[in-house]
Amino acid sequence: FFFSSRRRHTRFLPVSWARRCVQETERILGDKDNLTLFTMKQLAEIQLKLGELNTAMENHEKFVSGQIEIFGEASNTTAWAYYYRGRFRTELGQLKEAQEDLVKSRDILVNSSLIALAMAEIQMELESYEYAFKKAEMSLKQRQQTFVEFQMEYGEYYILFLRYYLHKKDEVNFLKYIQLLESLINQIFKECGDHGLKASLLFYQGLWELQKNAAESKLKGVELLEKGYRMAERIYGHDSFYIGCFANAFAEGLITVGELEQAKGLLEQIEDTLGSNDLLQKSIMYGDTLTSLGSIAFNQESFDKYKDFYTQAIQAYQWQLNESHEKVRKVRELLGSELPEN
């Protein structure tokens, strides 16, 4: 859910521009009215790019409560406020809270394909693969019937389908959507250079190669994952939480080929970024980072550290995942492992 292209075009703008925009917007905001509330939402999106996550959340809260006060709980306007806050929470990996917002939005806007896609992305993250895939397919068909011109949005569907076929290890369909995504990128971004969709394309190509058994495929996978990570770093900045998933995947590749120290340095940088914010400490991405650090500590026979990392990883996962989730069960098993005797 961190590789979406449509989410907030302000993400691709310079940080200096974004900061000036925030300062100017704060200067002109007045009392509650619909225009002011909508500006708060836009302000929150810019603050998200700047990494001012707590302030951004506060503005989203004001946006939703203000819409309820003006239009009531059951209005379409309030439903979209829930939708935007749900997408924001999805960005942060707050899946339970995001799902609650999207359900409220869906109950009012029953046939919205955008809400269906947002719900499918969360279900995919929760590893309800079949359910998410069917929901996304239905949403795409509905979207094509009404908004054919929104080509940029198709990238989100393609990325979700790539994740599904990666899980299924369905090479034919995986490569089909790789080609569709490449075609979309070439069609829309001929002059653009680095952008989120292209980084995501490299990410999934790398993960596909990494799961193969051949050593040359794993090396190719690490190379592709590094390219995706470097591109994401250029787009979002090296200290942005946006690159956490790219960094985690690249680090996983490095661990696979035995480059533990390089992976450790990368993960420690991401752990510092994610762990410094109380919102991100409750994200699945933070749990993934801690799990990988625990894996390195285990391989380096650092007993105390690996136990500590795995314990923290479980705590991070438990904010969003139930006890039966694959990630929680896997780390619990790892936590019970013992270091080999010398």
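The values are calculated or read from the model by the stated rules, or taken from the named source; none is laboratory data. Keep in mind that what you see is a predicted model, and the values were worked out from it rather than measured. Using ideal geometry, Cβ is built from the backbone for each residue, glycine included, and neighbour counts are taken over all protein chains shown. Just so you know, the surface numbers come from the protein's heavy atoms only, side chains and all, with ligands and any DNA or RNA stripped out. Shrake-Rupley method; radii C 1.70, N 1.55, O 1.52, S 1.80 Å.
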Any hit, region 183-192, residues being modelled with pLDDT under 95 and of a type in the set (Val, Ile, Thr): yes
Residue pairs meeting the criteria (Cβ under 6 Å; at least 6 apart or on separate chains; first assigned to a helix (DSSP H, G or I), in region 172-188; second open to solvent by 70 Å² or more (accessible area, probe 1.4 Å)): ILE185/LYS198
Number of the exception - PHE298 against (1) surrounded by 15 or more Cβ atoms within 10 Å (Cβ to Cβ); (2) under 13 Å from PHE241 (Cα atoms): (2)
Region 75-113, subset at pLDDT 90 or above and of a type in the set (Gly, Ala, Ser), residue most open to solvent (accessible area, probe 1.4 Å): SER75
Some residue of region 197-208 being of a type in the set (S, T, N, Q) and surrounded by 19 or more Cβ atoms within 10 Å (Cβ to Cβ): yes
Residue that is free of Cβ contacts under 8 Å to residues at least 40 places away in the same chain and buried (at least 23 other Cβ atoms within 10 Å of the Cβ), where the choices are LEU266, LEU293: LEU293
Test: residue in region 226-247 that is part of a helix (DSSP H, G or I), open to solvent by less than 20 Å² (accessible area, probe 1.4 Å) and closer than 26 Å to GLY336 by Cβ: no
Residue within region 102-113 that is over 21 Å from TYR177 (Cβ atoms), part of a helix (DSSP H, G or I) and within 16 Å of the chain's Cα centre (by Cα) present: no
Any hit, region 103-121, residues being within 20 Å of ASP278 (Cβ to Cβ) and free of Cβ contacts under 8 Å to residues at least 40 places away in the same chain: no
Filter result for ASP288 (under 17 Å from ALA249 (Cα atoms) and within 19 Å of the chain's Cα centre (by Cα)): yes
Any chance TYR164 is in contact with an Asp or Glu (Cβ under 9 Å, 6 or more places away or on another chain), modelled with pLDDT of 90 or more, surrounded by 20 or more Cβ atoms within 10 Å (Cβ to Cβ) and of a type in the set (Ser, Thr, Tyr): yes
Filtered residues of region 48-95 (kept if of a type in the set (Gly, Ala, Ser) and either part of a helix (DSSP H, G or I) or over 24 Å from GLU121 (Cβ atoms) (or both)): ALA56, SER65, GLY66, GLY72, ALA74, SER75, ALA79, ALA81, GLY86
In region 301-335, the residues that are among the polar types (S, T, N, Q) and surrounded by fewer than 21 Cβ atoms within 10 Å (Cβ to Cβ): SER302, THR311, GLN315, GLN318, ASN322, SER324
